[in-house]
Amino acid sequence: MALDDPDAITDDALLVLFANGDPAAARVLTTRLGPRVLSQAWRMLGERDEAQDVTQEALLRLWRIAPDWRQGEAKVTTWLYRVTANLCTDRLRRRRGGVPDIEDVPEMADPVAPVDEQMQQRTRMDALQEALNQLPDRQRQAVVLRHIEGLGNPEIAEIMEISTEAVESLTARGKRALSDHLAARREELGYQDD
Amino acid sequence: MTDDRKGGGVSTRAEADLDALFAQARTEAHGEQMALPEALSARILADADSVLAEQAAQTQVRRARQAPVRSGFWRQLLTSIGGTPALAGLAVATVAGIWVGIVPPAGLQAGLQTVMGTTGTDDLFDIYFVDSSDVFEFAQSEG
């Protein structure tokens, strides 16, 4: 089947096409979902290479489950976020006690911004990542999904297999902890007191 | 949890800073900057191709296992007469019949002479195979 307008095809339908042997569907799904998985893994792990490995592994699991995928039962993105979260949690557990390498903090500066502004943005993003790295796994996961991936609490609850109230609690505590971490660096990060 | 901030929430200023950071992170996460590196895309698509090849091979094996047994005329005939054991019995009976026809046992000949009232081999073959004599003559010979 030709994918003339891939944007018009749902993730579910693309997965079914893939299960029926269409490699073009894999390309569309990779372009559409890969960046989200990479972003989530990057924020969860704070390490580029590991985040890429997790992205590859999460998508490999998606390819494998394609023949058994039941359309309409779950959102592909929800399933993928859950798999990514679990893969990240496994890796974090394995390296428990280790200190994240500051060199590996994501470098995501706006290329059109002036150099000093770029540097400040990068410093702030690095600071956010460092603060995220200090959070307990579950809090970090909830905060990333809520405030960076922009998901709603019910979907996060489904991904993390907890109640919506528990998600609210985790994100609130996470935000508070992040704020505490960042408060000490306000001046360094270029924030002015009112 | 002890917290000197009202309601346990972050202060408005810190919250605003954090929200601004989240907004920036969100923009980057969903923008072009988070596009997959080419090498990673290639790895992911290579995995997809491998999985497709694996699944195609598995499907082929499954189909081969599930392929229905062809049911032609001879197979149906064999089934209707009772399968292979019946075929063996039929073959034995056929060979025995041919053998008896070619070399009739002495006892069978004597019995036939008694029953049919004839002594000549030719007559016997006439009875066995094709009746070349006139039906009326045969009736007369029988009395």
Original post:
How many nm is it between the label spots at B:Trp74 and A:Ala183, if each spot is 7 Å from the Cα in line with the beta carbon?
Top reply: 9.2 nm
Original post:
Separation between the B:Ala35 and B:Val103 pseudo-spin-labels, each 7 Å from Cα along Cα→Cβ, expressed in nm?
Top reply: 9.4 nm
Subject >> Which of A:Glu130, A:Glu188 has the fewest Cβ neighbours within 10 Å, and the rest in rising order >> reply: A:Glu188, A:Glu130
**OP:** Within 10 Å of each Cβ in peptide A:52-60, how many partner chain Cβ atoms are there on average? Round it to a whole number, please.
**Re:** 4
**OP:** Over the whole of B:53-61, what's the average partner chain Cβ count within 10 Å per residue? Rounded to a whole number, please.
**Re:** 2
Original post:
Is there a simple number for the mean count of other chain Cβ atoms within 10 Å of the Cβ of residues in B:38-44, and what is it?
Top reply: 6
Original post:
Exposure proxy check: A:Trp69, B:Trp74, A:Trp79, A:Trp42 ranked by fewest other beta carbons within 10 Å?
Top reply: B:Trp74, A:Trp69, A:Trp79, A:Trp42
Original post:
Which of B:Val92, A:Val144 comes first, and how do the rest follow, when ranked by fewest Cβ neighbours within 10 Å?
Top reply: B:Val92, A:Val144
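Here, each number is a calculation from the coordinates, and none is a lab measurement. As the structure is a computational prediction, the values presented were derived from the model and not from experiment. Please note: Cβ atoms are built from the backbone with ideal geometry, for glycine as well, and neighbour counts cover all protein chains shown.
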